[in-house]
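Structure first, commentary second.
The values are calculated or read from the model by the stated rules, or taken from the named source; none is laboratory data. Since this is a predicted model, take the numbers as computed values, not measurements. Note that we place each Cβ from the backbone using ideal geometry, even for glycine, and neighbour counts take in every protein chain shown.
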Amino acid sequence: MRLFTACLVHESSGFSPIPTSLQNFRDGLLHRPSRGELVPLRLTAIECGLTTKGTARGHDIVESVGAAATPSGPLNKADYELLRDEIVSDLKKAMPVDAIGLFLHGAQLAEGYDDCEGDLLASLRAVAGPDIPIGVEFDLHGNITPQMMANSTVIIGCKEYPHIDFSERADELLDILEAAAAKRIRPVSAWRKLPMLGIFHTTRQPLRGLVDRISALEKTPGVLTITIAHGFPWADTPHAGSAIIVTTDNDEALAARLCDEIARAFFAMRNEIAAPLTTLDEAFSLVSSGGNGLTVIADTADNAGGGAASDSTYFLHELVKRRIENAAIGMIWDPMAVKFAFDAGVGATLPLRIGGKISPLSGVPFDAEVTVTALNPALWQTAFGYRQPLGQAAAVRIGDLDIVLSSVREQTHGPEAFSEMGIDLAAKRLVVVKSAQHFYATFNPLAERIIYAVAPGATSVDFTTFDYQRLSRPIWPLDQGVTID
Ligand SMILES: [Zn+2]
């Protein structure tokens, strides 16, 4: 079949201190085939998965924009419209096509746009007409909207957090698009919003069980796909919140029944599955009571992967103040400190100001005499199973505390962020990572214990710390006595 593919991925936070322009996409991924601006090396293979998999299946692929940027604030209006209009223009030139396959986030905001994905899908549907199947792969942190549902044929969110299943979901989406384009199936969906905001780990029970259950339900005859969209809690729009989507082959009653059943089960477990609210003090007292193996503390509130700066210093100050032995922390985003370390050279000792620069949530800068232990012109880490480039990075040491400083703002996904800087985590007692959950996939095998901790930050799971203005209320956990019909 002739398949049109495009990717536009940005998770936008209403509380991020980082502004967003087209340059953020250039720094991440910006592949523009119709302009001849090609990314030669598909470093972010997830976003291009539909293109590469569709090509491998023998389809005639018309590839449009591939754009992805690290989470931050809403994209400026002109740059969003430029990217949207380029994808729409590419589709106009590509018509007629048999199907459209998109990789989008589901929680993208732009100046004047509360629902970028819904807006893009409506624009594409207007060009494609009512009959061409439009399939979308989403991050499970998408905030599902009526406009998204009305203008797509099927939406498939990843099932796992950490998101280890993007590749499987892309295959599933292609299977459905192939069958729908050939008119072997007629996808129909039931969906339901849930008044709940949160961060939910699929690695822990009881959510693990519910994810396994929906995977089993997908094998029921007539069921095509089921998504539990957790939602993105830092969006501050009326669309923020969780949702369930069930898509069947032309069986609206079955879709509605399963959607209702899963929605009730997910809502009922909300208090059990909410991410822990372990404070910084509690986290350190847990460390002191631990064994000899490696403890991982996740500094969840300063996660670049949710739009935070990744330069906060709360844990760094405490590691030094409490004289925690044999620890490491990373990655702290501080391009200026990285430059100073490169200028000073490996082995040099210098006074260095680290972090605390981007916003009040970053805390007080950390000043110390440090020794530069490693400089890496091209650090990388494993992210979602792929090799992710991180640019220049430096490691500095104070006593036996190792600190990794990055020039690219990115959450700590993989242990290479330390090992490629000469830091042996197997010999460490404690490592603090700036990530909410994606680190889990590769750090869990190394760790004796993982502690999810909450300091101040733009991705705090203590939602009472944010001045929400535009949410649909009431919503759990901000309001009391929230129920569903
Ligand atoms: Zn996500």
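Overview of results
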| item | result |
| --- | --- |
| Failed item in (1) more than 26 Å from TYR468 (Cβ to Cβ); (2) in a strand (DSSP E or B); (3) more than 16 Å from the ligand (Cβ to nearest atom), with ARG192 passing the rest | (1) |
| Qualifying residue in the stretch 288-300 (condition: at pLDDT 95 or above, closer than 28 Å to GLY363 by Cβ, within 16 Å of the ligand (Cβ to nearest atom) and not assigned by TED's automatic domain parsing to the domain that holds VAL136) | yes |
| Set ILE226, ILE262: member being part of a strand (DSSP E or B) and not hydroxyl-bearing (Ser, Thr, Tyr) | ILE226 |
| Any pair with Cβ under 9 angstrom, 6 or more apart, that starts in the stretch 141-168 at a residue that is over 21 Å from ILE199 (Cβ atoms) and away from the ligand (no atom under 12 Å from the Cβ) and ends at one that is in a loop (DSSP other than H, G, I, E, B) and modelled with pLDDT under 95 | SER167/ALA45; SER167/ILE46; SER167/PHE384; SER167/GLY385 |
| Single match in SER21, SER34, SER16 (criterion: out of contact with any His (no Cβ under 7 Å at 6 or more places or on another chain) and surrounded by 24 or more Cβ atoms within 10 Å (Cβ to Cβ)) | SER16 |
| Among the residues listed as GLY457, GLY414, the single one being in contact with a strand residue (DSSP E or B) (Cβ under 6 Å, 6 or more places away or on another chain) and part of a loop (DSSP other than H, G, I, E, B) | GLY414 |
| Subset of the stretch 186-217 that is among the charged types (D, E, K, R) and over 26 Å from LEU109 (Cβ atoms) - its residue that is surrounded by the fewest Cβ atoms within 10 Å (Cβ to Cβ) | ASP212 |
| Counted residues, the stretch 382-412 - those being hydroxyl-bearing (Ser, Thr, Tyr) and more than 12 Å from ASP334 (Cβ to Cβ) | 3 |
| Check on LEU102, within 20 Å of the chain's Cα centre (by Cα), surrounded by 24 or more Cβ atoms within 10 Å (Cβ to Cβ) and over 18 Å from GLY66 (Cβ atoms) | no |
| Residue within the stretch 413-421 that is of a type in the set (A, V, I, L, M, F, W, C) and more than 16 Å from TRP333 (Cα to Cα) present | no |
| Flag if THR220 is within 16 Å of the ligand (Cβ to nearest atom) and either over 20 Å from ALA107 (Cβ atoms) or assigned to a strand (DSSP E or B) (or both) | no |
| Inter-residue pairs, beta-carbon under 6 Å, first over 15 Å from LYS193 (Cα atoms) and in the stretch 460-480, second of a type in the set (Asp, Glu), 6+ apart | TYR468/ASP236; ARG470/ASP236 |
| All positions within the stretch 141-176 that are under 25 Å from ARG57 (Cβ atoms), in contact with a strand residue (DSSP E or B) (Cβ under 6 Å, 6 or more places away or on another chain) and assigned to a loop (DSSP other than H, G, I, E, B) | SER152, THR153 |
| Hits in the stretch 223-237 (condition: within 16 Å of the ligand (Cβ to nearest atom) and under 24 Å from ASN303 (Cα atoms)) | ILE228, ALA229, HIS230, GLY231, PHE232, PRO233, TRP234, ALA235 |
| Residue match in the stretch 381-399 (condition: charged (D, E, K, R), surrounded by fewer than 20 Cβ atoms within 10 Å (Cβ to Cβ) and either outside the structural domain of SER289 (by TED's automatic domain parsing) or modelled with pLDDT under 95 (or both)) | yes |
| Any hit, the stretch 262-277, residues being modelled with pLDDT under 95, surrounded by fewer than 23 Cβ atoms within 10 Å (Cβ to Cβ) and either in contact with a helix residue (DSSP H, G or I) (Cβ under 8 Å, 6 or more places away or on another chain) or within 20 Å of ARG213 (Cα to Cα) (or both) | yes |
